[in-house]
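Working notes for the structure below.
The values are calculated or read from the model by the stated rules, or taken from the named source; none is laboratory data. Since this is a predicted model, take the numbers as computed values, not measurements. Cβ atoms come from the backbone with ideal geometry, glycine included; neighbour counts cover every protein chain shown. When the accessible area is computed, the model is the full protein with side chains, heavy atoms only, and any ligands, DNA or RNA have been set aside. Shrake-Rupley method; radii C 1.70, N 1.55, O 1.52, S 1.80 Å.
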Amino acid sequence: MSQHLLKSIEKLKRMILAVSAMAEENVHLAVRAVEKRDAALAQKVIKSDIEIDNMEVEVEEESLKILALHQPVAFDLRFIVSVLKINNDLERIGDLAVNIAERAAFLSTVSHGVKMVFDFAGMTAKTQTMLRQSLDALVNNDARLARQVLATDDEVDEINRRMYEQVKDGIRSQSEDLNVLMHFISISRHLERIADHATNIAEDVIYLVEGEIVRHKTEDYAADQRNADRNRNSK
């Protein structure tokens, strides 16, 4: 690898990690805004999204410049391809954080007595863990950790599925709070989508490290992880 290419790759790595950090922070702040019914915190997330958008464009332009000038191959080429895809996922995660923040801003205007009717704490914990692990896997080129993210996605999906039944029950018992309950559905759906994007990032890390395309195989990895857990528990 030439010194020019090496410097360009290192610069691009710093850029994608900066986008990663900001997207992860905005998800954290959006979740806190919901928990605290904090309109000011929600507005902070909403206003900062333009910065993520600008950074996403800069990463894409830098990636295309490296491809044009250096024509990388092997691992370096996989890195550029992975960054382009991960960059898009991070921008979408930022948008979803904004969507959650907007729901938080609305919730701050209604009674604090309306309770969450689904496992918000469990879902946010799992979603944020998946996002953090997928980004840690990217930083450390850790395919093993990336596979753990794939195995967790089913758990978030299941919470999201149960949420719909719980909201229906909530509508029966709290019909006067229908508008609030619909916002809970929206929050759950956005968290589930963030988990999906974290899964996409993990899949791209596996491709980066091992050169294997694992899209559409997530269910296989989840089943393997469940079998491994059962084997460990049986010993």
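Taking Cα atoms only, the orientation of helix 39-70 departs from the longest principal axis of the chain by about 20 degrees. Across region 77-93, rounded Karplus estimates of 3J(HN,Hα) from the backbone phi angles (6.51 cos²θ - 1.76 cosθ + 1.60, θ = phi - 60°) give 5, 4, 5, 4, 4, 5, 4, 4, 6, 5, 4, 5, 4, 5, 5, 5, 4 Hz, Gly and Pro being marked x.
Seen against the Cα atoms of the chain and their longest principal axis, helix 218-234 is set at about 80 degrees.
Note that the chain presents 49 Å² accessible area per residue, ligands and nucleic acids not counted, probe 1.4 Å. Structural descriptor for region 1-143: relative contact order 37 percent, calculated from alpha carbon pairs under 8 angstrom and at least 6 residues apart. With the simple model of a label 7 Å out from the Cα in the direction of the Cβ, residue 39 to residue 69 spans 4.8 nm.
With 26 Å as the limit, write out which pairs from 13/65; 7/85; 126/168; 85/126; 11/36 have Cα-Cα distances beyond it, or answer none. Checking Cα-Cα distances, 11/36 exceed 26 Å.
How much of the accessible area of region 23-139, in percent, comes from carbon and sulfur atoms when a 1.4 Å probe is used? After summing per-atom areas, the C and S share lands at 53 percent.
Protein-only accessible surface at a 1.4 angstrom probe places the residues 199, 109 in the order 109, 199, largest first. When the chain is treated as a GNM with alpha-carbon contacts under 10 Å, the residue of 37, 92, 14 showing the greatest mean-square fluctuation is 14. Against the chain, whose longest principal axis is taken from its Cα atoms, helix 143-173 shows a tilt of about 20°. Protein-only accessible surface at a 1.4 angstrom probe places the residues 64, 41 in the order 64, 41, largest first.
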